[in-house]
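The values are calculated or read from the model by the stated rules, or taken from the named source; none is laboratory data. Just so it is clear, the structure is predicted and the values come from calculations on it, not from any experiment. A quick note on method: Cβ atoms are made from the backbone with ideal geometry, for glycine too, and the neighbour counts reach across all protein chains shown. Surface areas here come from the heavy atoms of the whole protein model, side chains and all, with no ligands, DNA or RNA. Shrake-Rupley method; radii C 1.70, N 1.55, O 1.52, S 1.80 Å.
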Amino acid sequence: MNAEFHVIDLTIPAEMAGRRLDSALAGLMPEHSRTRIKGWIEAGAVTVGRSACRPKDIVEAGSRVRVQMTRDQVAEPQVLPEAIALRRVHEDRDVLVIDKPAGLVVHPGAGNPRHTLQNALLGLDPTLAALPRAGLIHRLDKDTSGLLVVARTLEAHTSLSRQLEARTMAREYVAVCAGVMTGGGTVNEPIGRHRGDRLRMAIRGSGRPAVTHYRVLERFRAHTYLSVKLETGRTHQIRLHLSHIKYPIVGDPVYGGRFKLPRGASPTLIDALRGFKRQALHAATLGFDHPRSGKRLTLQSPVPPDLAQLLRILREDVQGAAGDTR
(Lines give C-alpha, C1' and ligand atoms only; values in the text may rest on other atoms or scores of the structure.)
Protein backbone atom coordinates (compact mmCIF):
# COMPACT_ATOMS: atom_id res chain seq x y z
CA MET A 1 0.00 0.00 0.00
CA ASN A 2 1.22 3.52 -0.76
CA ALA A 3 0.08 6.97 0.34
CA GLU A 4 -2.75 7.11 -2.22
CA PHE A 5 -4.21 3.62 -2.37
CA HIS A 6 -5.49 0.93 -0.05
CA VAL A 7 -4.99 -2.48 -1.67
CA ILE A 8 -6.72 -5.65 -0.52
CA ASP A 9 -5.71 -9.05 -1.92
CA LEU A 10 -8.27 -11.81 -1.50
CA THR A 11 -8.56 -15.48 -2.43
CA ILE A 12 -11.94 -16.92 -3.43
CA PRO A 13 -12.74 -19.77 -0.98
CA ALA A 14 -14.17 -23.06 -2.22
CA GLU A 15 -17.65 -22.36 -0.86
CA MET A 16 -17.94 -19.22 -3.01
CA ALA A 17 -17.03 -20.90 -6.30
CA GLY A 18 -19.71 -20.38 -8.92
CA ARG A 19 -20.96 -17.09 -7.50
CA ARG A 20 -20.95 -13.72 -9.24
CA LEU A 21 -17.85 -11.64 -8.54
CA ASP A 22 -19.79 -8.80 -6.90
CA SER A 23 -21.68 -11.27 -4.70
CA ALA A 24 -18.49 -13.07 -3.66
CA LEU A 25 -16.73 -9.82 -2.79
CA ALA A 26 -19.75 -8.64 -0.79
CA GLY A 27 -19.38 -11.82 1.28
CA LEU A 28 -15.64 -11.37 1.73
CA MET A 29 -15.89 -7.63 2.45
CA PRO A 30 -19.10 -7.28 4.49
CA GLU A 31 -18.09 -3.81 5.64
CA HIS A 32 -18.88 -2.54 2.11
CA SER A 33 -22.22 -2.62 0.31
CA ARG A 34 -22.68 -4.70 -2.84
CA THR A 35 -23.57 -1.52 -4.76
CA ARG A 36 -20.28 0.05 -3.74
CA ILE A 37 -18.32 -3.05 -4.72
CA LYS A 38 -20.08 -3.19 -8.08
CA GLY A 39 -19.03 0.41 -8.68
CA TRP A 40 -15.38 -0.43 -7.98
CA ILE A 41 -15.50 -3.35 -10.42
CA GLU A 42 -17.05 -1.22 -13.15
CA ALA A 43 -14.45 1.51 -12.52
CA GLY A 44 -11.61 -0.98 -13.07
CA ALA A 45 -10.48 -1.02 -9.43
CA VAL A 46 -10.89 -4.81 -9.17
CA THR A 47 -8.87 -7.43 -11.04
CA VAL A 48 -9.01 -11.22 -11.01
CA GLY A 49 -5.50 -12.51 -11.57
CA ARG A 50 -4.24 -9.76 -13.85
CA SER A 51 -7.41 -9.42 -15.87
CA ALA A 52 -10.13 -6.79 -15.82
CA CYS A 53 -13.52 -8.15 -14.84
CA ARG A 54 -17.25 -7.49 -14.68
CA PRO A 55 -19.64 -7.70 -11.70
CA LYS A 56 -21.48 -10.68 -13.26
CA ASP A 57 -18.33 -12.74 -13.91
CA ILE A 58 -18.43 -16.16 -12.20
CA VAL A 59 -15.55 -16.79 -9.82
CA GLU A 60 -13.56 -19.98 -9.29
CA ALA A 61 -12.13 -21.37 -6.07
CA GLY A 62 -8.57 -20.19 -5.47
CA SER A 63 -8.81 -17.18 -7.80
CA ARG A 64 -6.76 -14.20 -6.61
CA VAL A 65 -8.68 -10.94 -6.50
CA ARG A 66 -7.10 -7.51 -6.00
CA VAL A 67 -9.18 -4.52 -4.90
CA GLN A 68 -7.50 -1.13 -5.13
CA MET A 69 -9.31 1.75 -3.46
CA THR A 70 -8.38 5.36 -3.03
CA ARG A 71 -8.53 6.65 0.51
CA ASP A 72 -11.59 8.79 -0.22
CA GLN A 73 -13.37 5.65 -1.45
CA VAL A 74 -12.58 3.87 1.80
CA ALA A 75 -13.95 6.65 3.99
CA GLU A 76 -17.63 6.87 4.95
CA PRO A 77 -18.18 10.56 5.85
CA GLN A 78 -21.96 10.25 6.15
CA VAL A 79 -21.63 8.59 9.58
CA LEU A 80 -21.21 11.33 12.21
CA PRO A 81 -19.15 11.08 15.41
CA GLU A 82 -21.02 10.98 18.72
CA ALA A 83 -19.85 11.08 22.31
CA ILE A 84 -21.00 7.67 23.55
CA ALA A 85 -19.12 5.92 26.35
CA LEU A 86 -17.54 2.60 25.39
CA ARG A 87 -15.92 -0.11 27.48
CA ARG A 88 -12.51 -0.86 26.00
CA VAL A 89 -10.90 -4.15 27.04
CA HIS A 90 -7.83 -3.70 24.84
CA GLU A 91 -6.35 -0.66 23.12
CA ASP A 92 -3.14 0.05 21.21
CA ARG A 93 -2.17 1.98 18.08
CA ASP A 94 -3.37 -0.83 15.78
CA VAL A 95 -6.51 -2.29 17.33
CA LEU A 96 -9.33 -1.68 19.77
CA VAL A 97 -11.46 -4.37 21.39
CA ILE A 98 -14.83 -3.13 22.59
CA ASP A 99 -17.20 -4.83 25.04
CA LYS A 100 -20.55 -3.92 23.46
CA PRO A 101 -23.59 -3.70 25.72
CA ALA A 102 -26.91 -5.22 24.69
CA GLY A 103 -29.17 -2.68 22.99
CA LEU A 104 -26.42 -0.88 21.06
CA VAL A 105 -26.71 -1.17 17.26
CA VAL A 106 -23.34 -1.70 15.55
CA HIS A 107 -23.89 0.10 12.19
CA PRO A 108 -26.29 2.88 11.19
CA GLY A 109 -29.13 1.66 9.02
CA ALA A 110 -32.85 1.88 8.42
CA GLY A 111 -34.48 2.79 11.72
CA ASN A 112 -31.12 3.41 13.42
CA PRO A 113 -29.44 6.36 11.67
CA ARG A 114 -27.58 7.50 14.80
CA HIS A 115 -26.45 6.44 18.29
CA THR A 116 -24.65 3.33 17.02
CA LEU A 117 -21.32 1.77 17.86
CA GLN A 118 -19.91 3.15 14.61
CA ASN A 119 -20.91 6.69 15.65
CA ALA A 120 -19.33 6.09 19.06
CA LEU A 121 -16.06 4.88 17.53
CA LEU A 122 -15.80 8.00 15.37
CA GLY A 123 -16.40 10.10 18.48
CA LEU A 124 -13.66 8.20 20.30
CA ASP A 125 -11.12 8.35 17.45
CA PRO A 126 -11.89 10.64 14.47
CA THR A 127 -9.07 9.06 12.40
CA LEU A 128 -11.24 5.93 12.10
CA ALA A 129 -13.23 7.83 9.45
CA ALA A 130 -10.51 6.78 6.98
CA LEU A 131 -11.45 3.11 7.43
CA PRO A 132 -14.45 1.09 6.22
CA ARG A 133 -17.19 1.24 8.85
CA ALA A 134 -14.84 3.00 11.26
CA GLY A 135 -12.61 -0.09 11.39
CA LEU A 136 -15.23 -2.59 12.55
CA ILE A 137 -14.19 -6.06 11.37
CA HIS A 138 -17.29 -8.01 12.35
CA ARG A 139 -20.61 -7.32 14.02
CA LEU A 140 -23.01 -8.42 16.73
CA ASP A 141 -26.79 -8.20 16.70
CA LYS A 142 -28.25 -5.23 18.57
CA ASP A 143 -29.30 -7.30 21.57
CA THR A 144 -26.22 -9.54 21.71
CA SER A 145 -23.57 -8.29 24.12
CA GLY A 146 -19.83 -8.86 24.10
CA LEU A 147 -16.53 -8.44 22.30
CA LEU A 148 -15.85 -6.80 18.93
CA VAL A 149 -12.46 -6.01 17.37
CA VAL A 150 -11.81 -2.71 15.59
CA ALA A 151 -8.85 -1.95 13.29
CA ARG A 152 -7.21 1.46 13.69
CA THR A 153 -5.06 1.36 10.54
CA LEU A 154 -5.54 0.13 6.98
CA GLU A 155 -2.82 -2.47 7.52
CA ALA A 156 -4.54 -3.78 10.64
CA HIS A 157 -7.87 -3.81 8.82
CA THR A 158 -6.42 -5.98 6.05
CA SER A 159 -4.78 -8.38 8.52
CA LEU A 160 -7.87 -8.80 10.71
CA SER A 161 -10.20 -9.14 7.72
CA ARG A 162 -8.01 -11.93 6.34
CA GLN A 163 -8.03 -13.71 9.70
CA LEU A 164 -11.82 -13.53 9.74
CA GLU A 165 -11.94 -14.86 6.18
CA ALA A 166 -9.48 -17.67 6.98
CA ARG A 167 -11.45 -18.59 10.13
CA THR A 168 -8.42 -18.14 12.38
CA MET A 169 -10.18 -15.48 14.46
CA ALA A 170 -11.66 -17.33 17.44
CA ARG A 171 -15.10 -16.26 18.67
CA GLU A 172 -16.75 -18.03 21.57
CA TYR A 173 -20.14 -17.17 23.05
CA VAL A 174 -22.20 -18.21 26.04
CA ALA A 175 -25.96 -18.67 25.78
CA VAL A 176 -28.96 -19.89 27.74
CA CYS A 177 -31.34 -21.98 25.66
CA ALA A 178 -34.74 -23.52 26.33
CA GLY A 179 -34.64 -27.29 26.83
CA VAL A 180 -32.19 -29.64 28.54
CA MET A 181 -29.41 -30.87 26.24
CA THR A 182 -27.86 -34.27 26.82
CA GLY A 183 -24.52 -33.22 25.33
CA GLY A 184 -22.68 -30.94 22.94
CA GLY A 185 -22.48 -31.18 19.18
CA THR A 186 -22.17 -29.36 15.88
CA VAL A 187 -24.77 -27.79 13.60
CA ASN A 188 -23.68 -27.74 9.95
CA GLU A 189 -26.54 -26.18 8.01
CA PRO A 190 -26.38 -23.52 5.25
CA ILE A 191 -27.97 -20.16 5.95
CA GLY A 192 -29.69 -17.80 3.53
CA ARG A 193 -32.19 -14.98 3.63
CA HIS A 194 -35.75 -16.04 4.52
CA ARG A 195 -37.91 -16.07 1.39
CA GLY A 196 -40.90 -14.40 3.01
CA ASP A 197 -39.33 -12.14 5.66
CA ARG A 198 -36.25 -10.08 4.78
CA LEU A 199 -35.52 -9.48 8.46
CA ARG A 200 -35.05 -13.19 9.15
CA MET A 201 -32.57 -15.82 8.06
CA ALA A 202 -33.44 -19.44 7.29
CA ILE A 203 -31.85 -22.84 6.75
CA ARG A 204 -31.63 -23.11 2.97
CA GLY A 205 -29.83 -25.56 0.71
CA SER A 206 -28.84 -22.66 -1.53
CA GLY A 207 -27.51 -20.64 1.43
CA ARG A 208 -23.94 -20.07 2.52
CA PRO A 209 -22.14 -22.75 4.56
CA ALA A 210 -22.50 -22.25 8.30
CA VAL A 211 -20.98 -24.32 11.12
CA THR A 212 -21.67 -23.88 14.84
CA HIS A 213 -20.08 -25.95 17.62
CA TYR A 214 -21.65 -26.08 21.09
CA ARG A 215 -20.94 -27.74 24.43
CA VAL A 216 -22.88 -27.92 27.67
CA LEU A 217 -21.62 -25.80 30.56
CA GLU A 218 -24.52 -26.35 32.96
CA ARG A 219 -27.95 -27.98 32.94
CA PHE A 220 -31.05 -26.70 34.73
CA ARG A 221 -34.52 -28.18 35.10
CA ALA A 222 -35.73 -26.91 31.74
CA HIS A 223 -32.80 -24.93 30.32
CA THR A 224 -29.15 -25.35 29.34
CA TYR A 225 -26.18 -23.00 29.67
CA LEU A 226 -23.94 -23.39 26.62
CA SER A 227 -20.57 -22.42 25.24
CA VAL A 228 -20.91 -21.83 21.50
CA LYS A 229 -18.02 -21.55 19.06
CA LEU A 230 -18.37 -20.12 15.57
CA GLU A 231 -16.54 -21.67 12.65
CA THR A 232 -18.30 -19.31 10.23
CA GLY A 233 -20.01 -15.99 10.91
CA ARG A 234 -23.36 -15.75 9.15
CA THR A 235 -26.10 -13.32 10.13
CA HIS A 236 -28.09 -14.67 13.13
CA GLN A 237 -26.09 -17.92 12.89
CA ILE A 238 -26.12 -19.05 16.53
CA ARG A 239 -29.72 -17.98 17.07
CA LEU A 240 -30.96 -19.75 13.96
CA HIS A 241 -28.89 -22.92 14.39
CA LEU A 242 -29.95 -23.46 18.01
CA SER A 243 -33.57 -22.83 17.09
CA HIS A 244 -33.23 -25.30 14.21
CA ILE A 245 -32.22 -28.11 16.61
CA LYS A 246 -35.14 -27.19 18.92
CA TYR A 247 -33.12 -25.43 21.63
CA PRO A 248 -33.91 -21.75 20.98
CA ILE A 249 -32.13 -19.05 22.94
CA VAL A 250 -34.09 -17.61 25.86
CA GLY A 251 -35.56 -14.20 25.06
CA ASP A 252 -35.01 -14.40 21.30
CA PRO A 253 -37.89 -12.44 19.76
CA VAL A 254 -37.29 -13.77 16.23
CA TYR A 255 -36.25 -17.42 16.55
CA GLY A 256 -37.39 -18.22 20.10
CA GLY A 257 -40.74 -19.71 19.17
CA ARG A 258 -43.77 -19.71 21.44
CA PHE A 259 -42.95 -18.70 25.00
CA LYS A 260 -43.20 -21.63 27.44
CA LEU A 261 -42.82 -21.78 31.19
CA PRO A 262 -41.19 -24.83 32.80
CA ARG A 263 -43.48 -26.99 34.89
CA GLY A 264 -43.43 -26.00 38.54
CA ALA A 265 -41.55 -22.75 37.94
CA SER A 266 -41.40 -20.43 40.94
CA PRO A 267 -42.80 -16.89 40.70
CA THR A 268 -39.22 -15.59 40.72
CA LEU A 269 -38.24 -17.75 37.74
CA ILE A 270 -41.45 -16.86 35.87
CA ASP A 271 -40.72 -13.16 36.33
CA ALA A 272 -37.09 -13.64 35.24
CA LEU A 273 -38.02 -15.48 32.05
CA ARG A 274 -40.84 -13.11 31.14
CA GLY A 275 -38.67 -10.11 31.88
CA PHE A 276 -35.66 -11.18 29.83
CA LYS A 277 -36.35 -9.09 26.74
CA ARG A 278 -33.28 -9.85 24.63
CA GLN A 279 -31.61 -13.04 23.42
CA ALA A 280 -29.52 -14.57 26.21
CA LEU A 281 -26.37 -14.54 24.10
CA HIS A 282 -22.98 -13.00 24.97
CA ALA A 283 -19.73 -12.89 22.97
CA ALA A 284 -17.44 -13.89 25.82
CA THR A 285 -14.08 -14.71 24.18
CA LEU A 286 -12.24 -13.25 21.20
CA GLY A 287 -8.88 -14.45 19.89
CA PHE A 288 -6.74 -13.15 17.01
CA ASP A 289 -3.15 -12.59 15.93
CA HIS A 290 -2.04 -9.02 16.52
CA PRO A 291 -1.60 -7.32 13.12
CA ARG A 292 1.77 -5.81 14.00
CA SER A 293 3.46 -8.21 16.41
CA GLY A 294 1.84 -11.48 15.31
CA LYS A 295 1.31 -12.34 18.98
CA ARG A 296 -1.88 -14.25 19.72
CA LEU A 297 -4.29 -12.20 21.82
CA THR A 298 -7.15 -13.86 23.69
CA LEU A 299 -9.55 -11.50 25.43
CA GLN A 300 -12.55 -12.24 27.61
CA SER A 301 -15.67 -10.43 28.74
CA PRO A 302 -17.49 -11.36 31.95
CA VAL A 303 -21.13 -12.40 31.79
CA PRO A 304 -23.20 -9.16 31.89
CA PRO A 305 -25.43 -8.48 34.91
CA ASP A 306 -28.76 -9.35 33.27
CA LEU A 307 -27.51 -12.74 32.09
CA ALA A 308 -25.72 -13.39 35.41
CA GLN A 309 -28.99 -12.74 37.26
CA LEU A 310 -30.88 -15.15 34.98
CA LEU A 311 -28.27 -17.86 35.65
CA ARG A 312 -28.48 -17.25 39.39
CA ILE A 313 -32.27 -17.66 39.37
CA LEU A 314 -32.04 -20.83 37.27
CA ARG A 315 -29.59 -22.31 39.79
CA GLU A 316 -31.84 -21.38 42.68
CA ASP A 317 -34.72 -23.07 40.85
CA VAL A 318 -32.71 -26.30 40.67
CA GLN A 319 -31.85 -26.10 44.37
CA GLY A 320 -35.48 -25.39 45.29
CA ALA A 321 -36.71 -28.37 43.30
CA ALA A 322 -34.13 -30.62 44.96
CA GLY A 323 -35.27 -29.41 48.36
CA ASP A 324 -38.90 -30.19 47.55
CA THR A 325 -38.07 -33.84 46.87
CA ARG A 326 -36.41 -34.46 50.21
> How about the range 138-156: which of its residues are out of contact with any His (no Cβ under 7 Å at 6 or more places or on another chain) and either over 18 Å from ALA120 (Cα atoms) or free of Cβ contacts under 8 Å to residues at least 24 places away in the same chain (or both)?
Replying inline: GLU155, ALA156
>> Of the conditions (1) of a type in the set (Lys, Arg); (2) open to solvent by 60 Å² or more (accessible area, probe 1.4 Å); (3) under 23 Å from ALA170 (Cβ atoms), ARG221 satisfies every one except a single condition; which number is it?
In response: (3)
>> If a residue must be more than 22 Å from PRO253 (Cβ to Cβ) and either surrounded by fewer than 23 Cβ atoms within 10 Å (Cβ to Cβ) or touching a Phe, Trp or Tyr at 6+ places or on another chain (Cβ under 8 Å) (or both), how many such residues does the range 97-112 contain?
In response: 2
> Can you find even one residue in the range 127-143 that is among the polar types (S, T, N, Q) and either open to solvent by less than 40 Å² (accessible area, probe 1.4 Å) or closer than 24 Å to PRO304 by Cβ (or both)?
Replying inline: no
>> Restricting to the range 104-135, name every residue that is at positive phi and among the hydrophobic types (A, V, I, L, M, F, W, C).
In response: ALA134
> Does the range 231-251 include one or more residues that are under 18 Å from SER145 (Cα atoms) and of a type in the set (Phe, Trp, Tyr)?
Replying inline: no
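Here's the yes/no breakdown for (1) under 25 Å from ARG167 (Cβ atoms); (2) open to solvent by 30 Å² or more (accessible area, probe 1.4 Å); (3) not aromatic (Phe, Trp, Tyr):
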| position | (1), (2), (3) |
| --- | --- |
| GLY179 | no, no, yes |
| GLY192 | yes, no, yes |
| ARG195 | no, yes, yes |
| ARG204 | yes, yes, yes |
| THR212 | yes, no, yes |
| VAL216 | yes, yes, yes |
| LEU226 | yes, no, yes |
> Hey, among the residues in the range 135-181 that are aliphatic (A, V, I, L, M), assigned to a helix (DSSP H, G or I) and at pLDDT 90 or above, which one's nearest to ILE270 (Cα to Cα)?
Replying inline: LEU160
>> When you check SER227 against the structure, is it of a type in the set (Gly, Ala, Ser) and modelled with pLDDT of 90 or more, yes or no?
In response: yes
>> As an exercise: evaluate THR168 against (1) crowded, with 18+ Cβ neighbours inside 10 Å; (2) in contact (Cβ under 8 Å) with a residue 60 or more places away in the chain; (3) within 26 Å of SER206 (Cα to Cα); (4) of a type outside the set (D, E, K, R) and give the number of the one condition it does not meet.
In response: (1)
